[in-house]
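The values are calculated or read from the model by the stated rules, or taken from the named source; none is laboratory data. Since the model is a prediction, treat every value here as computed from it, not as a measurement. All Cβ positions, even for glycine, are placed from backbone atoms using ideal geometry, and neighbour counts span all protein chains on display. Remember, those area values only see protein heavy atoms, side chains included, never the ligands or the DNA or RNA. Shrake-Rupley method; radii C 1.70, N 1.55, O 1.52, S 1.80 Å.
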Amino acid sequence: IDRIVTFSAEKEIFGIPTILTDNGIDIEQFPMIPKAAFDGKTIHLFGLANVQKWHGYDRIIEGLKLYYSENPNVDVVFDIGGNGSEISRLKELVLLYGLTDKVVFHGFVSGEGLTALFEQTHVGVGSFGMHRIGVADGQTSTLKAREYAARGLPIVLGHQDRGFPGDFPYLLELPAVESPVNIQQIVDFYLNVRPSDYPQEMNAYAEQRLTWFVNFKPVVNAYRKP
């Protein structure tokens, strides 16, 4: 083995030089979704995953419990698409906190059903528990964040993602800790996203920076050198 391709920041693995690259998407599979209408009353968050502990959706639910205890002016609904080993535990939390009308479990979704969910979504929810599996901030490049960007959805994450600059205006990065997610921060973030044509800007960014075509250039270039 001459080189090892890695999404990590390691310069060597098993003493073998690496080629550093990043996760990517085939953008044609994730067409841009028109911006969801906002009636001033309800914001829909959407998490799409094979739900595991590193997605940290329990932190969102804990945050919603605190958020609704303060009688907010804006409703926040968390739609969860997909199955996974954490779903049963999340459903127990939702029942315990009386949030059955605020957290909706849609199960596996695809095709028109998935498109319909995206069309009502205001903010895409990434992972909030990468620290639980020892992934360091800044060494993560989740596919879901890239899909949301291609779809034109503002994104909220609980970790640094090296695919996006620190000042990326359509991404809210919250701390990689175990505390409940601050839902009001997400609400404020969404209400202040500008300009109104951000879906087009996000889709263009994904095409320019987040595709396999772009992210595998380091691999191609390494073998073009004499």
**OP:** Grab the strands (runs of 3 or more DSSP E) fully contained in the stretch 66-178, keeping just those with 2 or more residues being more than 27 Å from residue 10 (Cα to Cα) and of a type outside the set (Gly, Ala, Ser).
**Re:** 75-81, 103-107, 123-125
Original post:
What number of residues within the stretch 40-65 satisfy the criterion of being outside any helix (DSSP H, G or I) and either under 11 Å from residue 178 (Cα atoms) or of a type outside the set (Val, Ile, Thr) (or both)?
Top reply: 11
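Tally the residues that are of a type in the set (A, V, I, L, M) and within 19 Å of residue 149 (Cα to Cα), restricting the search to the stretch 18-67.
Quick first cut of the stretch 18-67, residues of a type in the set (A, V, I, L, M) only: 19-20, 25, 27, 32-33, 36-37, 43, 45, 48-49, 51, 60-61, 64, 66.
Imposing the further condition that a residue be within 19 Å of residue 149 (Cα to Cα) reduces the set to 25, 27, 32-33, 36-37, 43, 45, 48-49.
Total satisfying the criteria: 10.
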**OP:** Report yes if residue 155 is closer than 19 Å to residue 36 by Cβ and either open to solvent by 40 Å² or more (accessible area, probe 1.4 Å) or free of Cβ contacts under 8 Å to residues at least 40 places away in the same chain (or both), otherwise no.
**Re:** yes
Subject >> Residue list for the stretch 88-114, restricted to those being open to solvent by 70 Å² or more (accessible area, probe 1.4 Å), under 15 Å from residue 57 (Cα atoms) and either in contact (Cβ under 8 Å) with a residue 24 or more places away in the chain or touching an Asp or Glu at 6+ places or on another chain (Cβ under 8 Å) (or both) >> reply: 89
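For the subset of the stretch 199-226 comprising residues that are of a type in the set (Ser, Thr, Tyr) and at pLDDT 95 or above, which member is least open to solvent (accessible area, probe 1.4 Å)?
211
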